[in-house]
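Each reported figure results from applying straightforward, stated rules to the coordinates on display, with no laboratory input. What you see is a predicted model, and the numbers here were worked out from it, not measured in a lab. Cβ placement follows ideal geometry from the backbone for every residue including glycine, while neighbour counts extend to all protein chains displayed.
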Amino acid sequence: MQALTAGTMNRSWRVTAAGGAAAVKEVLDVDAAATRRQAAACQALAGRGLPVPTPLLTAAGDHLVERADAVYTAARWLTGESRAGAELTLAEAAGLGTLLADIHDALGAVLPPVPPAVVEPVIEVAAADEQVARYLALASRAGGDGMDAFVAAEMPRRRLLREVAGRRPAGGVLCGPAGWTHGDFQHGNLLWQAGAVAGVLDWDLLRVRPVAAELVRAATLIFAAKPGSGLDLPRVGAFVRGYRPRRVLADAAIVDAADRLWWERVCETWHLRRRYERGDTACDGFFRSASGLLWWWTPRREEFLAALLCP
């Protein structure tokens, strides 16, 4: 048994037995019911020929094992390598968009029907300001490692929040089209082999949301260039163009999803909650990259939208 160091939210091992290699994971972020749902979905998607891990069943026919309040799953081992978005050709980026569309279609076919639109939460300005102020203050008082200094240097985030308060997307409104989504479709969860995706990993965040929200989020995560240098817009455009022929998605839905994701980036502090309230530093790098993207994105919102909507 070999412990795997990749990944931040769960603990994983590679286990080799007579039947071959398997990926065993201790699931920490979701409960047993959600774990069973995502395993069943992967089983169905694998049966449709999509590159997802095939779950392994226990002797009792269950998708998971529960031991002392811990939940474990296993799936057949998939081989491949992770590739940064900037390494992909434009054709590969487009193919990745097509794959995401195919996954959305397949999820809709194998999981229960969902409403055509859902309400997406939008944090209030005052609540966001309170959270940002709290963690910036904690970082300033900590006086510890370089991450504390980096967080403390993010003080302009409060000024930005006040400056862009009028751009907060409307809350309590229905957003769509909605559907089942992977939840974390990004380069760290993709394995490539011979120019094609050999595995889409980590289905713990499988959920219902506007499909455009996952499309835009995936574009910002996969095609982020080196930290601080923004997004690779030609590849963003190719990715979205690969998706849209498979699924009808209006420009307005993409624009709305981009605006909502940008606002989320302005306000989000979940990485800092883990660091300063749980003592968990595993997601510190995510905060650094999200901050770099925010400062690049804010003055280039129209440029990013143009790439998303490029025919």
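Calculate the radius of gyration of the Cα atoms of region 71-221 to one decimal place, then report Dmax, the largest Cα-Cα distance, as a whole number, both in Å.
When restricted to Cα atoms, region 71-221 yields Rg and Dmax of 19.5, 52 Å.
How would region 146-246 be classified by its alpha-carbon gyration tensor: rounded, prolate or oblate, with rounded meaning a/c under 1.5 and the a/b versus b/c comparison settling the rest?
Here region 146-246 falls in the oblate category.
Towards the positive end of the charge dipole of region 145-185, with charges on Cβ (+1 Lys, Arg; -1 Asp, Glu), say which of Ala149, Gly171, Thr181 has the farthest Cα.
Positive-most Cα among the choices belongs to Gly171.
Assuming 1.002 mPa s and 20 °C, estimate D for region 1-144 with Stokes-Einstein, Rh taken as the Kirkwood radius over Cα pairs, in µm²/s.
Here the translational diffusion coefficient equals 113 µm²/s.
Taking the chain as a Gaussian network, Cα atoms linked when under 10 Å apart, which of Gln131, Gln38, Gln193 shows the biggest mean-square fluctuation?
Gln193
What order do you get for 172-183, 230-241 when each peptide is scored by the mean count of other beta carbon atoms within 10 Å, highest first?
Listed from highest to lowest mean packing, they are 230-241, 172-183.
Say we join alpha carbon atoms closer than 10 Å with springs in a Gaussian network model of the chain; which of Ala75, Ala94, Ala149 then has the biggest fluctuation?
Looking only at Ala75, Ala94, Ala149, the biggest GNM fluctuation is shown by Ala149.
Is the C-alpha gyration tensor of region 2-76 telling us rounded, prolate or oblate? Criteria: a/c under 1.5 is rounded; beyond that, a/b larger than b/c is prolate, otherwise oblate.
Rounded shape, in that the Cα axes give a/c under 1.5.
Over the Cα atoms of the chain, Rg to Rh with Kirkwood Rh, two decimal places?
In the chain, Rg relative to Rh is 0.96.
Listing Ile103, Ile222 from the residue with the fewest other Cβ atoms within 10 Å to the one with the most, what is the order?
Exposure proxy ranking, most exposed first: Ile103, Ile222.
Which order do Asp129, Asp280 fall in if you start with the one that has the fewest other Cβ atoms within 10 Å?
Going from sparsest to densest Cβ surroundings: Asp280, Asp129.
Once you list every other residue whose beta carbon is under 15 Å from the beta carbon of Ala194, what net charge do they have if Lys and Arg are +1 and Asp and Glu are -1?
Net of charged neighbours comes to -2.
Using +1 on the beta carbon of Lys and Arg, -1 on that of Asp and Glu, and nothing else charged, what's the dipole of the chain about the Cα centre, debye to 20?
Roughly 200 debye for the chain.
Most fluctuating residue of Asp29, Asp204, Asp105 in a GNM of the chain with Cα springs under 10 Å: which is it?
Looking only at Asp29, Asp204, Asp105, the biggest GNM fluctuation is shown by Asp29.
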